[in-house]
1. If one computes the Cα centroid of segment 80-103 and of segment 148-179, what distance in Å separates the two points?
2. Under the rule of -39500 (n - 2.57) per DSSP H run of 4 or more residues, summed and divided by the residues of the chain, what mean residue ellipticity at 222 nm is obtained, to the nearest 500 deg cm²/dmol?
3. Counting DSSP beta bridges in the chain, what percent are antiparallel, to the nearest 5?
4. Please give the contour-minus-distance gain from Tyr273 to Asp158: 0.36 nm per residue of separation, less the Cα-Cα distance, rounded to one decimal in nm.
5. So, with +1 on the Cβ of K and R and -1 on the Cβ of D and E, and no other charges, what is the size of the charge dipole of the chain about its Cα centre, to the nearest 20 debye?
6. For the chain, take N as its residue count and report Rg(C-alpha) divided by 2.2 N^0.38 Å.
7. Going by a ≥ b ≥ c, the root eigenvalues of the Cα gyration tensor, does segment 246-288 fall in the rounded group (a/c under 1.5), the prolate group (a/b larger than b/c) or the oblate group?
8. Does segment 163-227 come out rounded, prolate or oblate, given a ≥ b ≥ c as the square roots of the eigenvalues of its C-alpha gyration tensor, rounded meaning a/c under 1.5 and, failing that, prolate meaning a/b above b/c?
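Since every read-out is calculated from the coordinates, none of them should be taken as a lab result. What you see is a predicted model; the values in this text were computed from it and never measured. FYI the Cβ positions are ideal-geometry reconstructions off the backbone, even for glycines, and counts take in every protein chain you see.
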Amino acid sequence: MPADPRISVTPAPPECGPPAERPEHAREDRADLVSLSLREKRGRHLAVALTPAIAAIAERPEPEMAEPVACAVTDFQDLYPTRPVVSNKGGMQFNDSLCLYLVARFLRPAFVLESGSFRGHSAWLLRQALPQAEIVSCDVDLGQLRHRAEGVRFCERDWTDVELPDFASERALAWFDDHIDHCRRLAEAHARGFRHILLDDNFPAENLYATGGPPIPTLAMALDPELQDGETLVWRRRGKTYRYRFERKDTLDVARRIDKLVMLPDLTAITRYNPPSGMTYVRLKPFA
Ligand SMILES: C[S@@+](CC[C@H](N)C(=O)[O-])C[C@H]1O[C@@H](n2cnc3c(N)ncnc32)[C@H](O)[C@@H]1O
């Protein structure tokens, strides 16, 4: 094919040294926009897609939120390239990171409980969105941690075994990205006095292949009237076949607890970045 004179390519800088010593971003930092005008344009599309959900979560009228959301998206696009955990394979990438950043920024909790610290990326993001908040981050394996965000208390235990500071329900957020059963996590959070919950990987039964080790039953499954009690769900991911027997009783009557539910939009159609996002905000009823 003849070279197109309108296109010029600057080769990637050579990777120096043995693979083990190369900086972690050698591979994954290579796909992004450099052109500022294009980044702004992508930001406008992202803000339009996200404003309805963020307005619903913040309980503000949508027209009033368009500009603040657009500004926050711009801040995020500037912030994201500075992240300390550049390679977060197995954890959140651009799409989910943006959703978490916006929810935190507009909900403005004074206390955040995170379950699923992994390398420390989402804890860092929470710290950027909420410089003043108290943040506790739990993971059963903190050996994976690459970055300890300033002032975050990391605990190597399931969150149910962690003592939490006193918090006001209205100003606290429980954020679950630990791939544990959503229904169980919602019931636990409710019992401990949380009302604002953010769940990752809330995929319906027909999309369970979208993530490894999905948090089943997901909230979407619990609210799906088409799923039959006792039905065996079968899916394949990376060549492995998984089976799960859906039992209505395992959904712990989760629907009864919910006051409000907002699905964050899947941003893959705008950014063309994988993986797809499945983030859902839930406001629980006051615990009786
Ligand atoms: C998808 S990763 C979390 C990604 C992270 N939020 C980020 O910054 O991208 C899931 C994490 O949940 C952790 N995990 C598994 N079981 C857990 C449990 N019972 N409590 C807390 N974390 C758990 C895993 O060790 C893993 O680090």
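1. Measuring centre to centre over Cα atoms gives 19 Å.
2. On the way: 8 runs with 86 residues, N = 288.
Computed ellipticity for the chain at 222 nm equals -9000 deg cm²/dmol.
3. On the way: 15 of 33 bridges.
The answer is about 45 percent antiparallel.
4. Working: separation 115, 0.36 × 115 = 41.40 nm, distance 3.07 nm.
Fully extending the segment from Tyr273 to Asp158 adds 38.3 nm.
5. Details: 38 positive and 42 negative charges, 78 e Å.
That gives a dipole near 380 debye.
6. On the way: Rg = 20.1 Å, N = 288, 2.2 N^0.38 = 18.9 Å.
Rounded to two decimals, the normalised Rg is 1.06.
7. Values: a/c = 5.01, a/b = 1.93, b/c = 2.60.
Taking the square roots of the gyration eigenvalues as a ≥ b ≥ c, segment 246-288 is oblate.
8. On the way: a/c = 2.82, a/b = 2.06, b/c = 1.37.
Because a/c hits 1.5 or more and a/b exceeds b/c, segment 163-227 counts as prolate.
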